[in-house]
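Each value in this text was obtained by applying a stated rule to the coordinates, not by laboratory testing. Just so it is clear, the model here is predicted, and its values are computed rather than measured. When we count neighbours, we look across all protein chains shown, and the Cβ atoms used for this are built from the backbone with ideal geometry, even at glycine.
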Amino acid sequence: MRLSQIDPDKWSQTAAYVDTLLLPVYRIRFPDKRLDVEEAKQVNRIAALVEGNLKGRLFLTSPIPYGTQTREVWHRYLKEVINEFAAAPFLHVVILAPTDWELPSFSDMKGVIGITVSMDEDIETAANRVVEQIVSMWQTSEEV
């Protein structure tokens, strides 16, 4: 289920089955006034494939782009956003990000994991790996 395609009138019928939020994040750069969006394209493609494989239980939200702010500022902002989503009826929040930007630790946030993807990795291979990690997270949380 994608935020961009959801019918608000039908959300209440499917909300009970959707327990995982997928939040893509990526950096947008403007070196020498050229737009560098390769990271954005790659992360969005992977997120779309993951959502297609896990449709019905996973909600793909709009991505969060970031610039070149300091890592601490970015981490603080990201955690605030995650807290908002975690307060909603999502048991799991998955952050999908490129590997070249260090994600904060989510160990203090129940149900939150960060998954990184290499920009050199094949898109389908990366998407399959992300799907496996999410399914593993579901299985682990159901065992507890």
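A few points about this structure:
- Placing unit charges on the Cβ atoms only, positive for Lys and Arg and negative for Asp and Glu, gives segment 19-126 a dipole magnitude near 300 debye about its Cα centre.
- Nearest-0.05 FRET efficiency for GLU121 and VAL37, computed from C-beta distance (R0 25 Å): 0.90
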